[in-house]
Amino acid sequence: MYKVTIKYEGPGCYRFIDELGKVIYVGSAKDINRRVSSHIKGKQGHLGKKVYDQVAKIEITKTESYGKALDLEQFLINKYKPRYNKKDKSRNMNSKVVKNEEKYSNLEKWKLYYDIKDLDKDKIEYTKKQDTLLVLFTYTVFMLIVLNFIL
């Protein structure tokens, strides 16, 4: 059912991507292969079946140590704001502040790990159009309120 594209048994981060190409969960591990397998096998884990059913792809990025993986994980949570991550990882000191963002963005070298289902390209395009229309609508309403206030 799942096609493993690479095998890596070291520290790093992984991310779950849904059919729309959005990052829905970011995690870190001392051993990525074991951690991701524990998520996938039997679709049981702390996230629940509803989340695992939404996963289309799992990508990983390697790090030198587990400590760097934890830091990178917090950077990625701040960057992608995945809907299934807790807002704050209490085990990380200064978890809300990630210093030297350029350093962490350079560590993002994602490789496909599990290919579960294809991304829905039509839904992705439709969602992008909806997002654009929502921004235009919001801007128009804002401008009308400002003009109404001025006049």
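Every number here is computed from the coordinates shown, using simple stated rules; none is lab data. Every value quoted in this text rests on a predicted model; they were computed, and no experiment measured them. So basically every Cβ, Gly included, is an ideal-geometry build from the backbone, and we count neighbours across all protein chains shown.
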Which of PHE149, PHE142 comes first, and how do the rest follow, when ranked by fewest Cβ neighbours within 10 Å?
PHE149, PHE142
Using a Förster radius of 35 Å, what is the FRET efficiency between ILE145 and LYS41 based on their Cβ-Cβ separation? Nearest 0.05, please.
0.10
Go through the range 144-149 residue by residue and turn each phi into a ³J(HN,Hα) via Karplus (6.51, -1.76, 1.60, θ = phi - 60°); whole Hz please, and just put x for glycine and proline.
5, 5, 4, 5, 5, 5
